[in-house]
Amino acid sequence: MIYIIILLSVLLAASIVWIVIQRRKIDTINTQWQNKLNDSEKDIKILSDNIDNEKNQLARAEKYIGELKNIAEGQKMKHVEMLKNLLAVQRIMFTSRGFIKSLFPDYFVLDVPNETAGGDFYKFAAQGDFVMAACGNCGVTGVNGLIKGILNIVFLSEILERTDLANTTAGHILDHLRGKYAHLAENNSAYRRDEDIPVNFTVCIINQKERTLSYAGAYGSMCLLRKSYPGTNRREVDVHEFRGDKMNFAVSFGRRKNYTTETIELEKDDRVYIKTDGFVNQRGGRTGNRFGDIYFRQMLMKHSSEPMTEQMHNFKDEFDRWRGNDTRANDILIIGLALKVKAVFKPAPEFEEDIDMDVDD
């Protein structure tokens, strides 16, 4: 009996020891898990704090972006307003269509800027029996081209105020225009004295009484389309191209030469086309080559019997078909004039409201 009691006592003691050991293990595990839980809670709190910081930074960034957007919208509106004002100034300074129509009842002006604004410009003037037609560009497009185009019209207007068309030539007008640029460069450190200013100018002066045309170009060409040849049996249509001088507006006085003037005797039904280089220098089509002067002359001959406005639309259609999906890269300006030489020349005032304005696009 005593052995049984001793055995039970030993088993009881062993059970108590095992339970204590297990309780300690459980306490250790609980402590470890509690520590891990505490660490996780700390990590969660840190992560939560980071998320809150990120949210605050995101909110500040969104606020900053909103402020920048408002500033950008404001600047955009200012630029749009400035562009509208510049375009309005350009429209005012361009010769009105009503005035051109009074000089040349059958004419067109195909003026298609590459961007919203372009650097191509044109100017018409009349004094008695003499009419001047000029066009050009300054080698840049967009707003910069627009501003430079307006500057050129101002220069031309100042020259015409002091010039008698009856006693000058187209070359002299180009010389005076180059002098304006030289004077501008001398007072502007942005220009070097030996710098060539890229230009493309064409000037024509038509003497209605003497039936002559004075032409000069600075990298600017003129095409004369002739249908009749008095005193001969010729009936075919010819296109004569005059290319002018390959001479930019050199700033240096020592490098200047006068621009050459060519005088052409006009015949009945002659047509004159002056243009900037944008149309023929366009690249596109299937080969990616230039539209080119040869193709342009062929186009003139193909549509030679059509009224000028109809020619303009056909020229644009042919160009669009040739270009295909290629993006236009240059400003385009072509002016076509059907010359009806008259003995008495009485143009309408230049400020007359535009009547029957042709569509440029």
**Item:** Environment charge of Asp293, counting only residues whose C-beta is closer than 13 Å and scoring Lys/Arg +1, Asp/Glu -1
**Value:** +2
**Prompt:** In the neighborhood of Leu213, defined by Cβ-to-Cβ distances under 9 Å, what is the net charge if each Lys or Arg adds +1 and each Asp or Glu adds -1?
**Reply:** -2
**Request:** Please order His172, His183, His313 by the number of other Cβ within 10 Å, starting at the fewest.
**Result:** His183, His313, His172
**Item:** Nitroxide proxy distance, nm - points 7 Å out along Cα→Cβ at Ala59 and Gln34
**Value:** 3.7
**Prompt:** Gain in length, Ile2 to Ala72, computed as 0.36 nm per residue apart minus the alpha-carbon separation, to one decimal in nm?
**Reply:** 15.1 nm
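Just so you know, all these numbers are worked out from the coordinates, no wet-lab data involved. All values derive from a computational prediction rather than experimental measurement. In this analysis, Cβ positions are derived from the backbone assuming ideal geometry, glycine residues included, and neighbour counts consider all displayed protein chains.
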